[in-house]
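Nothing in this text is a laboratory measurement; each read-out follows from the coordinates by a stated rule. Bear in mind the structure is a predicted one, so any value in this text is a computation, not a measurement. Backbone-built Cβ (ideal geometry, glycine too); neighbour counts: all protein chains shown.
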Amino acid sequence: MILALVMPVALAMITLALLLNLWGLLRGPDMPDRVLALDTLYIDSIALLVLLGIQFDSQLYFESALVLALLGFLATVAFCRYLVRGRVIE
């Protein structure tokens, strides 16, 4: 019963966080701030997928959240290496 009341509020909050991170990604003052906003966007997307997995009682959302976490980590590392060294692969 309490889950039915809390789930729409949590989904709305995560959606608002996604929109605010997207705004920060587009309007970031410099590139490291944009990379940080992109990383936070990945984290919020993972949270949204986990919440949807709980709401719909499906394992597929949890597996896609794991894949997104891996891709988000790799993308953040690649962007940071590019900003520091100017290239990704040596």
Within 13 Å, Cβ to Cβ, of Leu83, how many net charges do the neighbouring residues add up to if Lys/Arg are +1 and Asp/Glu are -1?
+1
Taking a cut-off of 14 Å, what percent of all Cα-Cα pairs in the chain are separated by more than that?
69
Would you order Ile54, Ile46 from fewest to most other beta-carbon atoms within 10 Å of each residue's own beta-carbon?
Ile54, Ile46
Could you tell me which residue out of Ile2, Leu26, Ile14 lies farthest along the dipole of segment 1-89 toward its positive end? Charges go on the beta carbon: Lys and Arg +1, Asp and Glu -1, centred on the Cα centre.
Leu26
In debye to the nearest 20, how big a dipole does the chain give about its Cα centre with +1 on each Lys and Arg Cβ and -1 on each Asp and Glu Cβ?
280
Please determine, in degrees from 0 to 90 and to the nearest 10, the orientation of helix 31-56 with respect to the longest principal axis defined by the Cα atoms of the chain, where the helix direction is its Cα long axis.
20
